[in-house]
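Following: one structure in structure tokens, then a few remarks.
The values are calculated or read from the model by the stated rules, or taken from the named source; none is laboratory data. Keep in mind that this is a model prediction, so the values were computed, not measured. Cβ coordinates were reconstructed from backbone atoms using ideal geometry, including for glycine residues, and neighbour counts include every protein chain displayed.
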């Protein structure tokens with residue numbers, strides 16, 4: 001299953017050793033910096049500290065890395081939909097659970113979600129990932145509709161517009177949240193929920 | 001002052017004539033589609049329906065077009081801060097006015113604001129525009145602090161995080177709002193204000 005060979009530290013003089021996680025972590029940074037399309041195998045090799053001729057020994061293809069990196073964002077986003085708190089209880093309770101869990105995934109997997117949100121859909125791998133993202137998004141949209149129907153969300157909002165505004169709020173986190181900043185993940189999560197569900201007015 | 005020459009319709013067989021507004025409107029679409037850095041004068045000429053050798057007669061430089069296009073977003077954003085409703089009254093009233101007016105500018109000047117929000121800051125023109133954008137953003141940040149201090153915004157939110165979440169909500173409009181979609185600008189504005197200031201819960 002692991003297609004990126006584990007490399008013992010020091011195997012290449014003065015160059016860091018890489019396991020699959022560190023290759024993925026570096027690759028996603030490079031993709032986010034230069035854009036996936038604009039990143040060549042040569043650029044990846046440079047950033048991994050290995051030679052251009054050695055990169056195919058470590059990385060089967062750029063697409064393989066992209067696929068694995070997107071799984072790092074999509075698998076936890078898909079998993080939270082299977083949690084009993086996302087499937088049982090009132091729609092309002094489920095909506096709050098899904099919003100909070102989504103924020104947590106965005107904060108914990110920030111570079112991987114950034115990559116997902118910037119996808120253009122130019123390749124088959126990208127299109128498959130975008131289809132999975134749309135399925136995740138639809139779940140939130142359905143909860144907004146459900147919560148409005150059960151009377152727990154106000155009647156004067158449009159569910160479609162509201163879902164898009166919520167995603168705007170939440171997805172912006174990947175652009176500005178800094179793990180070493182003054183706010184903890186819990187504070188950011190509580191702040192976003194306070195604004196969206198209860199409003200900022202005292 | 002106008003540096004892009006007005007061209008009478010039909011001056012070039014089968015090609016549309018352009019005035020300064022139509023050149024700007026086409027250029028901003030091209031910049032948003034390909035990215036400003038990746039857009040060549042040749043690409044602009046193709047999209048304007050004029051020859052590569054003629055483009056410098058109509059457009060002094062790519063930077064000149066960028067500067068003018070960014071003004072289309074920045075001038076109205078700066079102007080709303082001079083409105084009496086942004087400078088008088090309680091901080092909460094001024095905050096709501098600025099939020100509503102900002103949403104209106106984003107919807108009315110969507111392609112120009114899109115260009116502004118995607119700037120990378122690679123050139124002096126871009127850096128000047130980003131500095132003007134930061135000044136506009138600071139005004140909203142100050143209003144959030146002021147409204148919290150006067151007791152009209154809840155005490156348990158962080159002004160800095162809240163300001164960023166508000167910009168996430170509002171700025172997302174340029175990515176998804178469609179003038180020919182089911183919602184009017186007024187509905188989108190009311191929906192966003194309802195969510196941010198009063199919350200979605202019934």
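Taken over region B:174-198, the criterion of being touching a residue at least 40 places away in the same chain (Cβ under 8 Å) and within 7 Å of chain A (Cβ to nearest Cβ) is satisfied by B:188, B:192, B:196, B:197. Within region B:131-145, the set of residues being over 20 Å from residue B:103 (Cβ atoms) and over 18 Å from the mean Cα position of the chain (by Cα) comprises just one member, B:145. Residues in region A:129-158 that are within 10 Å of another protein chain (Cβ to nearest Cβ) and in a helix (DSSP H, G or I): A:144, A:147, A:148. Scanning region A:50-61 for residues that are surrounded by 14 or more Cβ atoms within 10 Å (Cβ to Cβ) and assigned to a loop (DSSP other than H, G, I, E, B) yields a count of 3.
Each residue in region A:149-159 was checked for being within 23 Å of residue A:189 (Cα to Cα) and without any contact (Cβ under 8 Å) to a residue 24 or more places away in the chain, and 3 of them qualify. Checking B:178, B:128 one by one, the residue that is under 20 Å from the mean Cα position of the chain (by Cα), more than 30 Å from residue A:149 (Cβ to Cβ) and surrounded by fewer than 22 Cβ atoms within 10 Å (Cβ to Cβ) is B:128 and no other.
Can we say residue B:197 is surrounded by 16 or more Cβ atoms within 10 Å (Cβ to Cβ) and touching a strand residue (DSSP E or B) at 6+ places or on another chain (Cβ under 7 Å)? Spelling it out, residue B:197 is indeed surrounded by 16 or more Cβ atoms within 10 Å (Cβ to Cβ) and touching a strand residue (DSSP E or B) at 6+ places or on another chain (Cβ under 7 Å). Residues in region B:160-173 that are free of Cβ contacts under 8 Å to residues at least 60 places away in the same chain and within 16 Å of the chain's Cα centre (by Cα): B:167, B:168, B:169, B:172. Restricted to region A:160-170, and to residues there that are within 18 Å of residue A:97 (Cβ to Cβ) and surrounded by fewer than 21 Cβ atoms within 10 Å (Cβ to Cβ), the residue that is nearest to the other protein chains (Cβ to nearest Cβ) is A:167. You will find that of A:48, A:80, A:95, the residue that is closer than 30 Å to residue B:120 by Cα and out of contact with any strand residue (DSSP E or B) (no Cβ under 7 Å at 6 or more places or on another chain) is A:48 and no other.
Looking only at region B:96-128, residues that are modelled with pLDDT of 95 or more and not in a helix (DSSP H, G or I) come to 1 in all.
Out of curiosity, is residue A:121 assigned by TED's automatic domain parsing to the domain that holds residue A:173, surrounded by fewer than 18 Cβ atoms within 10 Å (Cβ to Cβ) and more than 29 Å from residue B:201 (Cα to Cα)? Taking the combined requirement at face value, the residue satisfies it.
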